[in-house]
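Please treat every number below as a calculation from the coordinates, not as lab data. Predicted model, so just to flag it, every value in this text is computed and none were measured. Backbone-built Cβ (ideal geometry, glycine too); neighbour counts: all protein chains shown.
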Amino acid sequence: AEIAPGAVHVPDWLDVERQRELVVACREWARSPAGLRSARLPSGGVMSVRTVCLGWHWYPYRYSRTVDDGDGSPVTPFPDWLGDLGRRALADAYGRAAEDYRPDVALVNFYDADARMGMHQDRDERSREPVVSLSLGDSCVFRFGNAENRNKPWTDVELCSGDLFVFGGPSRLAYHGVPKTFPGTGPEIGMAAGRLNITLRVSGMD
Ligand code: MD3
Ligand code: FE
């Protein structure tokens, strides 16, 4: 379903076996040296979501090759198979070839029952190529807003385990957030609890 120009939701895109494989991969990434951490905001706040970065390290509000706001570990590489998955995702969502889509960053966000993500824009990438989002585990309310400010109008969409969402074109700079998750709603895919979201992006870095 096209929620807005360039914002396409494909429910149930990943079958349960693929979801399990991604959960296994996320667990390995979380154990790597540059593993799960809660980003500290310049305001002094700490994000309630915990994140693993692949390819490039993201911290508010830039990208680096090493964990510059932590112990300086090298960032876990972005695997080729994840780029293939991103191209298939874009092709399925937009119904067109996507061989030229070359994501080089993945942000893996883990939400426990209390975690939220406030309304924000993703503008730290130096490219305006689409963002691919994959959801695993508990369902959530995903709030998709407008490109002008963090306020209404917005559309609330329920995102479930296995759902794909692609944000490109005029939707790439829309404000968005996750005001709520629904604990205990996830399928049996090897996650004890919580929600995972994987986003694939083009950093525009070299
Ligand atoms: C719309 N993640 O990592 S995914 C983020 O569920 C982020 O963890 C949320 O927002 C999550 O920055 C939402 C959906 C999403 C991701 C990136 C977008 C929507 C987007 C970039 C531009 C526009
Ligand atoms: Fe975002």
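Points to keep in mind about this one:
- Beta carbons closer than 7 Å, at least 6 apart along the sequence or on distinct chains, pair a first residue in the range 112-139 that is more than 15 Å from ligand 2 (Cβ to nearest atom) with a second that is among the acidic types (Asp, Glu) and assigned to a strand (DSSP E or B) for 139/158.
A quick yes/no check of all residues on (1) part of a loop (DSSP other than H, G, I, E, B); (2) over 18 Å from the mean Cα position of the chain (by Cα); (3) within 15 Å of ligand 1 (Cβ to nearest atom); (4) crowded, with 19+ Cβ neighbours inside 10 Å:
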position: 8; (1), (2), (3), (4): no, no, yes, yes
position: 14; (1), (2), (3), (4): yes, no, yes, yes
position: 48; (1), (2), (3), (4): yes, no, yes, no
position: 51; (1), (2), (3), (4): no, no, yes, yes
position: 58; (1), (2), (3), (4): no, no, yes, yes
position: 63; (1), (2), (3), (4): no, no, yes, yes
position: 68; (1), (2), (3), (4): yes, yes, no, no
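- Matching residues in the range 183-202 - criterion: being within 14 Å of ligand 2 (Cβ to nearest atom) and either over 10 Å from residue 136 (Cα atoms) or in a loop (DSSP other than H, G, I, E, B) (or both): 199, 200, 201
- Between 178, 157, 75, the distinction of being surrounded by 17 or more Cβ atoms within 10 Å (Cβ to Cβ), away from ligand 1 (no atom under 15 Å from the Cβ), touching a residue at least 12 places away in the same chain (Cβ under 8 Å) and over 16 Å from residue 19 (Cβ atoms) belongs to 75 only.
- Failed criterion for residue 94 (all others in (1) within 14 Å of ligand 2 (Cβ to nearest atom); (2) more than 20 Å from residue 56 (Cα to Cα) hold): (1)
- Screening the range 116-131 for residues that are more than 9 Å from ligand 1 (Cβ to nearest atom) and assigned to a strand (DSSP E or B) and picking the one that is surrounded by the fewest Cβ atoms within 10 Å (Cβ to Cβ) gives 118.
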